[in-house]
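Read-outs throughout are calculated quantities, based only on the coordinates presented, and are distinct from any laboratory measurement. Every value quoted in this text rests on a predicted model; they were computed, and no experiment measured them. Positions of Cβ are backbone-derived with ideal geometry, glycine not excepted, and every protein chain shown enters the neighbour counts.
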Amino acid sequence: MLSMPTRTPTHPGIDALNSDRHRHLIQASHGRSHSFGLDAMGKPDFSPLPQRDIACARDENRLLYQHASPVMETLYEQIANTHSMVLLTSSNGLILHSLGDADFLEKASRVALMPGVEWSEKNRGTNAIGTALTEGQPLVVHGRDHYLKANQFLTCSCTPIFDPYGKVMGALDVTGDERSYHQHTMALVRMSAQMIENHMFENVFPDAMRIHFHSRPEFLNTLVEGIVVFTLDGRFQSANRSAQFQLGLSVNAMQAHTFSSLFSQPVSQFHDRLRHAAGQPVSLCMHNGVSVFCQARLKSTHAWFNGVRDTHNAAQAQHPAEPPVPTPATRATTVAAAGRASLSSLHYLNTGDPQIAAVLHKLQRVQGSDIPIMILGETGTGKDILAQAIHNDSARARRPFVSINCASIPETLIESELFGYEEGAFTGAKRRGAPGKIQMAHGGTLFLDEIGDMPTQLQARLLRVLQERRVTPLGSGKEYDVDVMLICATNKNLKALIAQNQFREDLYYRLNGLVVRLPALRERSDFEVVANKILLNLCEPGQKICISNAVMALFLQFRWPGNFRQLHNLLRTAVVMVGHSGEIGLEHLPDDFLEEVQQQPLRRSPPEPLPCEEAALCMPLPSDTASRMPAAASPAPTFLGSPVFQVPARPEEHAPLPPTPLATSVSKGAPRLQDVALQAMTDALRQCHGNVSAAAKLLGVSRNTIYRKKDHLPGDVWD
């Protein structure tokens with residue numbers, strides 16, 4: 001068994017592949033692997049657990065699996081088509097779930113990198129999963145770092161996932177071909193793990209006070225905020241990794257503290273200050289003298305102290321005739337959708353594309369009829385947003401909108417999630433039971449996303465519920481009336497699944513009322529309008545950010561395999577990079593996107609290709625670049641080596657969109673992109689008086705990128 005290390009704030013970064021510490025970790029792991037009696041030249045063991053045992057393992061790790069699955073999907077969308085896969089493991093290294101490119105999944109299966117196989121050091125020698133769990137810290141294991149020769153074609157970036165009590169409960173890993181190693185992969189893995197941990201904090205400690213804090217108020221409600229949990233009288237219970245880092249204390253060290261000793265203020269006084277804060281964050285001074293801004297959430301009263309409603313209420317017993325109160329996970333989904341309500345109406349979605357206009361016209365014709373609606377389209381085309389818009393424009397808009405992703409919930413859990421259960425229905429069932437998603441949607445709308453992935457054994461039961469409009473929870477002899485408008489979505493060919501006996505034909509025709517198809521982003525004619533709307537929604541009130549012509553030209557050429565989700569994530573990052581105001585240029589786009597642009601066929605004639613970092617220099621530096629860049633002493637905010645991804649609150653009202661000129665950045669007689677990149681380097685070096693480190697930071701590239709072009713740059717810039 002692996003030891004279970006607790007959280008510690010002493011390792012805020014990760015070790016570079018060639019660093020002394022990294023080599024020491026790998027050598028120590030090789031020593032352990034040898035002591036286990038493993039044969040470095042031996043063949044991998046191809047003996048995964050039976051599906052039944054895998055299902056049991058997932059059930060044992062239910063909290064982890066439930067919160068990690070949707071995050072894994074988002075992570076995979078960011079690395080899709082890179083010969084990689086995403087893996088989730090238990091605390092002993094047993095792979096619970098995986099997502100990946102089909103071609104790479106086949107290669108991985110040859111070395112038993114699949115669900116049901118344990119990748120601990122004892123079984124697989126030095127590997128990112130087993131070694132990261134043993135060391136209790138993030139780790140990259142690249143190529144020949146692996147102990148078994150059979151695994152040396154892999155490169156793996158793995159980080160442990162900690163439960164809300166500070167114990168390792170599993171690991172998140174991205175594995176790919178060692179030739180496609182990218183240094184930013186670990187940052188994505190760590191951010192995803194942080195997201196999983198923060199989500200778990202929302203559903204644990206039922207009668208607790210959560211303090212959300214950061215030294216900069218704009219980072220509240222982002223991945224980098226610290227979260228500390230106290231009892232109502234101020235006794236410490238737990239803290240997330242960001243809180244440990246900011247406080248400079250591990251969870252174990254904080255056990256001896258109270259709210260008063262950590263934040264230098266009696267908890268009663270803090271309560272009084274929050275009540276008079278008029279919805280604004282309150283400042284506190286931590287025990288180490290650093291001032292922070294904070295908000296506090298008290299679950300037992302379902303409210304923020306400073307007036308913002310808490311969306312994470314515990315489920316309560318309900319009268320059968322009344323719609324049940326959602327569980328925390330469902331309420332989070334419901335409120336997240338409600339937060340988009342002002343932006344999600346059929347009228348708002350009409351942005352000028354004829355295909356979209358035809359879809360919206362059909363939907364408006366059936367409004368009020370409760371005809372089942374089936375939405376088809378690729379992943380990321382906005383099927384969930386359209387479903388929310390249909391609900392918002394219906395007579396049921398004031399009733400619940402309950403969404404369930406049939407692909408992200410384990411088969412062993414989906415039945416209880418959909419239909420609910422009574423006390424004692426199965427091992428681990430809550431006291432007094434819990435209502436299902438169908439009951440929660442009573443009077444409102446039930447959205448079944450990825451319906452094509454619903455297990456076949458549940459399809460018959462769902463059909464019966466839809467026909468009889470009554471539901472029976474697991475372990476119950478009672479039936480409850482349900483009245484829902486049904487919307488389904490899928491990116492699969494259901495008729496093909498019917499032919500393969502993977503989807504019931506009678507259920508298909510019960511769901512198949514009005515079928516509409518959302519076009520992929522590359523097929524739409526309203527790209528510029530949509531991109532500007534997304535950008536406007538991402539900006540905080542007062543922010544003035546636009547997309548440069550060069551970037552818009554690049555966007556128009558790109559094929560967008562991740563559709564709107566990919567565009568949204570890209571613009572969200574760019575907004576943070578630009579700051580309060582300015583223009584999104586190529587230097588604000590992530591390196592992996594620029595690499596993908598070069599590798600993927602474009603829709604129009606592409607510009608002359610450049611290495612990714614040089615492509616980021618193809619926008620000439622504006623005259624006010626220095627004033628918009630962070631000072632040398634205050635670099636762009638990062639957390640544990642990861643860039644900050646912030647999702648600002650969207651404004652309630654929106655001004656009309658400014659007209660966007662047609663992007664024509666590549667034209668006859670335009671300078672070559674290499675020349676533009678060299679000019680950008682020249683300008684940056686002159687501005688920084690020859691300081692290569694400062695120039696590289698200004699441009700957002702590595703120093704080596706500049707040194708590689710030294711022979712092509714004027715000699716006076718090095719003075």
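Look at where the Cα atoms of the range 99-162 and of the range 527-565 average out, and the two centres are 37 Å apart.
The stretch between residue 502 and residue 221 holds 97.0 nm of extra length on full extension. This uses 0.36 nm per residue minus the Cα-Cα distance.
In the frame of its principal axes, the range 470-555 has Cα extents of 61, 35, 22 Å, reported largest first.
When you filter the trypsin sites (Lys or Arg not before Pro) in the range 79-123 for DSSP loop state and at most 14 other Cβ atoms inside 10 Å of their Cβ, you are left with 110.
Of the trypsin sites (Lys or Arg not before Pro) in the range 456-496, the ones in a loop by DSSP (not H, G, I, E or B) with at most 16 other beta carbons within 10 Å are 469, 478, 492. Mean sequence separation of contacting Cα pairs (under 8 Å, at least six apart), scaled by the length of the range 142-196, corresponds to a relative contact order of 33 percent.
Sorted from greatest to least, the principal axis extents spanned by the alpha carbons of the range 178-220 come out as 49, 25, 9 Å. The GluC sites (Glu not before Pro) found in the range 168-220 include none that occupy coil by DSSP while having at most 15 further C-beta atoms within 10 Å. Normalised by 2.2 N^0.38 Å, where N is the number of residues, the C-alpha radius of gyration of the range 207-255 stands at 1.10. Working note: Karplus 6.51/-1.76/1.60 with θ = phi - 60° gives the range 25-36 the couplings 4, 5, 4, 5, 5, 4, x, 5, 4, 5, 5, 6 Hz, where Gly and Pro are set to x. Judged by the ratio a/c of the largest to the smallest principal axis of the C-alpha gyration tensor, the range 468-507 counts as prolate, that ratio being 1.5 or greater while a/b is larger than b/c. For residue 258, nonlocal amide neighbours, meaning residues 5 or more places apart or on other chains whose placed amide H falls under 5 Å from its own, do not occur. Please work out whether the range 114-196 counts as rounded, prolate or oblate from its C-alpha gyration tensor, where a ≥ b ≥ c are the square roots of the eigenvalues and a/c under 1.5 means rounded, while otherwise a/b larger than b/c means prolate and anything else oblate? It comes out oblate by the Cα gyration axes. Checked against a 22 Å cut-off, the cross-linked pairs 362/437; 122/167; 383/544; 43/107; 107/383 give Cα-Cα distances beyond that limit for 362/437; 383/544; 107/383.
Note that the range 26-162, at 10 °C in a medium of 1.306 mPa s, gets a Stokes-Einstein diffusion coefficient of 105 µm²/s from its Kirkwood radius over C-alpha pairs.
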